[in-house]
Every structure is written in structure tokens, then in C-alpha cells.
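Only one structure is covered here, and it is reproduced in the block below.
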Amino acid sequence: MILNRVKKLSTELLNKYPNKFNVDFQQNKKVIEEIAKVRSKELRNQIAGYIASYINKQAKEQNKKIEEDVDQT
């Protein structure tokens with residue numbers, strides 16, 4: 001149940017502020033403190049970690065797609 005909450009809040013923040021987040025967990029924590037009111041330190045950290053891993057995963061998928069395109073040419 002908590003994971004669903006983390007995913008939901010993370011998705012909302014990423015949709016609202018797509019350029020503010022990156023793969024750096026520490027930076028994401030600071031951004032969340034500036035733009036959202038998260039009462040729980042644990043929840044803030046979970047959201048920051050989820051966002052960092054999500055962005056990292058997206059970047060890897062994009063790189064893989066680019067490599068596949070290059071291999072096909």
C-alpha cells in the first residue's frame with residue numbers, strides 16, 4: 001500500500017515538475033522539500049529514491065533503444 005502511495009506521489013511530482021528531478025537522490029530530496037509538503041522524512045526519502053531510480057531506468061531504456069537503432073543501420 002505504501003509503494004502505491006510513493007508511486008502516485010512520485011508520478012504527480014514528475015508530471016508537474018519534469019525538469020527539476022534527476023538521478024541524484026540527494027538533489028531530489030532537496031527539490032521535494034522545496035516544492036512539496038511531505039511530513040514524513042521516510043516518505044520523502046522513498047519518493048526521492050523512486051524518482052531517481054525511475055529516471056535512471058528511463059535513461060537506460062532510451063540508451064538501449066538508441067543502440068538498437070544504430071545496430072540496425
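Structure above, values below:
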| read-out | value |
| --- | --- |
| Under 29 Å from the Cα of Lys65 - lysines, other chains or at least 8 residues apart | Lys7, Lys8, Lys16, Lys20, Lys57 |
| Straight-distance crosslink candidates among aspartates and glutamates, where the alpha carbon sits under 19 Å from Lys60 and sequence neighbours closer than 8 are dropped | Asp24, Glu68, Asp69, Asp71 |
| Only Lys, Arg (+1) and Asp, Glu (-1) charged, at Cβ; the chain dipole about Cα centre in debye | 600 debye |
| Peptide ranges 32-43, 60-71 listed from the most packed, as the mean C-beta count within 10 angstrom indicates | 32-43, 60-71 |
| Accessible surface, per residue, of the chain when the full set of protein chains is kept, probe 1.4 Å, Å² | 81 Å² |
| Total formal charge among the other residues, if their Cβ is under 12 angstrom from that of Ser10, Lys/Arg +1 and Asp/Glu -1 | +4 |
| The stretch 13-38 versus the stretch 51-73: alpha-carbon centroid distance in Å | 22 Å |
| 222 nm mean residue ellipticity, helices alone, for the chain (DSSP H n ≥ 4; -39,500 (n - 2.57); rounded to 500) | -27000 deg cm²/dmol |
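The values are calculated or read from the model by the stated rules, or taken from the named source; none is laboratory data. Just so it is clear, the structure is predicted and the values come from calculations on it, not from any experiment. Cβ sites come from the backbone with ideal geometry, for glycine too, and all protein chains shown count toward neighbours. Side chains included, ligands, DNA and RNA excluded: accessible areas come from the protein's heavy atoms. Shrake-Rupley method; radii C 1.70, N 1.55, O 1.52, S 1.80 Å.
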